[in-house]
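Data block below; observations after.
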Amino acid sequence: MQRICINSWCAEAFEITDDDLACYKKLAPVIGGQTHELPLPDFCFSCRLQRRLAFYNSRSLYKRICDFSGKQVVSVFSPDKPFKVYDKDIWFSDAWNPLSYGRDFDFDRPFFSQFRELMEAVPQLAITHFGWENINSEFTNDNYKIKNCYLTFDGEQAEDCYYLHSFVMDKNCVDGVHLMLSELCYECVHCTQCYALRFARYSNNCSDSEFLRDCIGCKNCFGCANLRQKQYCIWNEQKTKQEYETFLQSFESSSHDVVQAMRKKAEDFFSRQPVKSMRGEQNQNVVGDNMNQSKNAHWCFDCYNQEDCRYTTNCMMPAKDLFDVHVWGDGLELAYDCCVIGADSRELFFDYAVASNCTDILYSTYCSQGCSHCFGCVGLRRSKYCIFNQQYSEEEYGKLVNRIIDHMRQAGEWGRFFPSEYSFFGYNETMAQTFFPLTKEECKKRGYRWCDYEAAIEATRTIPAAQLPDNSADIPDDILNWAIVCEVSKKPFKIIKQELDFYRTHRLSIPRRHPNQRHFDRYALKNPFKLFDRTCAKCSKAIQTSYAPDRPEIVYCEECYLKEVY
Ligand SMILES: [Zn+2]
Ligand SMILES: [Zn+2]
């Protein structure tokens, strides 16, 4: 069945398949013995995703005051937000009681605006955290079990890493996205089990190489694409060890200008090498991109270990029976239209940041630690049968929730994620800006919030990036006290000692772009979460791929690609 997205600026046609319909049926929540049918979506996949992402601040961090202790803390909430914010140690303690903010539901008013009032009343957790310990990693968010990290987001179990987004188990990596089980990698995108790679993407089991794309098992290679188990190759040509070493010595990686010229040369070379229509390993019946070890997944992107999932994105830990979920999984089952959920939770609907053994939670945010049967709640832990942070008996809960759902259905609210205008954050602070970038004016037109707050940056000197010495060998230690003005966004940024040491040890030039700009640049190297119909450039077979038909890449179907790799 075809539908037209009701967002006026989108209005794209989208398909609801028979398998989708079966999923809506299977996932329909049962409350107090009553099954609540899920209405068919009015928004296309992209608009549904954008709506969830507009709630999700993974990477905008500020210093502000904890409203309980008065101490300065690091927080995802800028100081100008209308929320009370508590440091995580206090938030997870019994020093306050989220149920004391409970209130009755008013059947004369819509649900969403009442929910926003509750959000503004209940103290918020300073950072996105679910009660697990991170060591010496104050300036990070949305992480689990990390150590000595700085500005790392949405990841887990890393050590000595800086400026990573979406990562699992890395060591000593700087500037990367979707890095897994890797060490000493710099400026890498979607690399797994790699060691000492620089400027690489979509490569697995590679080491000591630079400028790779789609390589597996390669070592000592430079500027190569689609190679398998090769050594000493330059621009896909076999060289001797001697030739390779002489070439590498001539590459002055500590010079900014030399690296930029080489990046350009590599992109030009890559553009002439074919790409596979869909990237991923060990999948069975999977449609999407960057999918791994998954089974029966449809329109899923950047995920691992998904089973019977549809429209999931960036779930890097195992999950089953998800529909419209962004981040993260890990023993997660049966969830619909949620964002940032996981850790042995199940039956979650229209939730943001609900995790850690939670069951049967609807329209709630920041609930954790074994909550079950909660509706329209904010910031609960270990609670059961609550509505708007108020305690009910099991029987009362079922009756009242069923009434509220009927009320929401009449108002056209039921079956939709929270509207973006009720988000905790400005659109530009959220992951929506990464995947669907908009200007302030565009946001205003579409009714999104915008955050204008800019923290002051302390520095002894402010230097435009272009005035930095070309070679990092000529950069003085004093740079740690300087604010560098990003060459693109014009925003000032600083570098930290550990980072400077990394650049010096590995003979790398100093970045001239703000960490956020570097993040956007890396995402620009990734394809959108979208599939297009086009034909294989070799055999003309019809394929579905994240490469739009008007893009210049040479796209091959799986069979033709496998014949082509060396
Ligand atoms: Zn749309
Ligand atoms: Zn083909």
- Message: Looking for something free of Cβ contacts under 8 Å to residues at least 60 places away in the same chain and assigned to a strand (DSSP E or B) - is there at least one such residue anywhere in segment 260-269?
- Response: no
- Query: Could you list, in sequence order, the residues of segment 265-307 that are more than 24 Å from residue 23 (Cβ to Cβ) and among the polar types (S, T, N, Q)?
  - Reply: 271, 273, 277
- Going through segment 111-142 in order, the residues found to be in contact with a Gly (Cβ under 6 Å, 6 or more places away or on another chain) and at pLDDT below 95 are none
- Note on the structure: Apart from one, (1) part of a helix (DSSP H, G or I); (2) more than 30 Å from residue 253 (Cα to Cα); (3) not hydrophobic (A, V, I, L, M, F, W, C) all hold for residue 448; the odd one out is (1)
- Item | Boolean, residue 304 is in contact with a helix residue (DSSP H, G or I) (Cβ under 6 Å, 6 or more places away or on another chain) and either in the same structural domain as residue 512 (by TED's automatic domain parsing) or within 27 Å of residue 330 (Cα to Cα) (or both) | no
- Starting from segment 485-502, take each residue that is more than 18 Å from residue 458 (Cα to Cα) and list its partners that are polar (S, T, N, Q) and surrounded by 14 or more Cβ atoms within 10 Å (Cβ to Cβ), counting only C-beta distances under 6 angstrom and pairs at least six apart or across chains. 488/517; 489/517
- Task: Give segment 378-418 a look and list any residue that's free of Cβ contacts under 8 Å to residues at least 60 places away in the same chain and either among the small types (Gly, Ala, Ser) or part of a loop (DSSP other than H, G, I, E, B) (or both), or say none.
- Result: 382, 392, 393, 412
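Of the residues 111, 77, 68, which is crowded, with 16+ Cβ neighbours inside 10 Å, more than 26 Å from residue 347 (Cα to Cα) and over 27 Å from the mean Cα position of the chain (by Cα)? Full working, then the answer.
Working: 111 fails: more than 26 Å from residue 347 (Cα to Cα); 77 fails: over 27 Å from the mean Cα position of the chain (by Cα).
The conditions single out 68.
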- Looking only at segment 176-199, decide whether some residue is buried (at least 23 other Cβ atoms within 10 Å of the Cβ), more than 15 Å from residue 523 (Cα to Cα) and under 18 Å from the mean Cα position of the chain (by Cα). no
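Filter segment 124-154 for residues that are part of a strand (DSSP E or B) and in contact (Cβ under 8 Å) with a residue 40 or more places away in the chain; which is farthest from residue 316 (Cα to Cα)?
Looking at residues that are part of a strand (DSSP E or B) and in contact (Cβ under 8 Å) with a residue 40 or more places away in the chain, I get 124.
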- Could you check how many residues of segment 419-444 are in contact (Cβ under 8 Å) with a residue 40 or more places away in the chain and more than 19 Å from the chain's Cα centre (by Cα)? 2
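Based on what the data block shows, is residue 520 of a type in the set (Phe, Trp, Tyr), in contact (Cβ under 8 Å) with a residue 40 or more places away in the chain, surrounded by 13 or more Cβ atoms within 10 Å (Cβ to Cβ) and within 16 Å of ligand 1 (Cβ to nearest atom)?
Details: of a type in the set (Phe, Trp, Tyr): yes; in contact (Cβ under 8 Å) with a residue 40 or more places away in the chain: yes; surrounded by 13 or more Cβ atoms within 10 Å (Cβ to Cβ): yes; within 16 Å of ligand 1 (Cβ to nearest atom): no.
Against the criterion (of a type in the set (Phe, Trp, Tyr), in contact (Cβ under 8 Å) with a residue 40 or more places away in the chain, surrounded by 13 or more Cβ atoms within 10 Å (Cβ to Cβ) and within 16 Å of ligand 1 (Cβ to nearest atom)), residue 520 does not qualify.
Taking the conditions exactly as written (under 29 Å from residue 436 (Cβ atoms), in contact (Cβ under 8 Å) with a residue 60 or more places away in the chain and away from ligand 1 (no atom under 16 Å from the Cβ)), does residue 561 satisfy them or not? Can you show your working first?
On the way: under 29 Å from residue 436 (Cβ atoms): no; in contact (Cβ under 8 Å) with a residue 60 or more places away in the chain: yes; away from ligand 1 (no atom under 16 Å from the Cβ): yes.
No, not satisfied.
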- Query: Among 537, 548, which is the only one that is hydrophobic (A, V, I, L, M, F, W, C), within 16 Å of ligand 2 (Cβ to nearest atom) and not in a helix (DSSP H, G or I)?
  - Reply: 537
- Item | segment 360-377, subset surrounded by fewer than 23 Cβ atoms within 10 Å (Cβ to Cβ) and farther than 20 Å from residue 38 by Cβ, residue nearest to the chain's Cα centre (by Cα) | 369
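The values are calculated or read from the model by the stated rules, or taken from the named source; none is laboratory data. If you're wondering where the values come from, they're calculated on a predicted model, not measured in any experiment. All Cβ positions, even for glycine, are placed from backbone atoms using ideal geometry, and neighbour counts span all protein chains on display.
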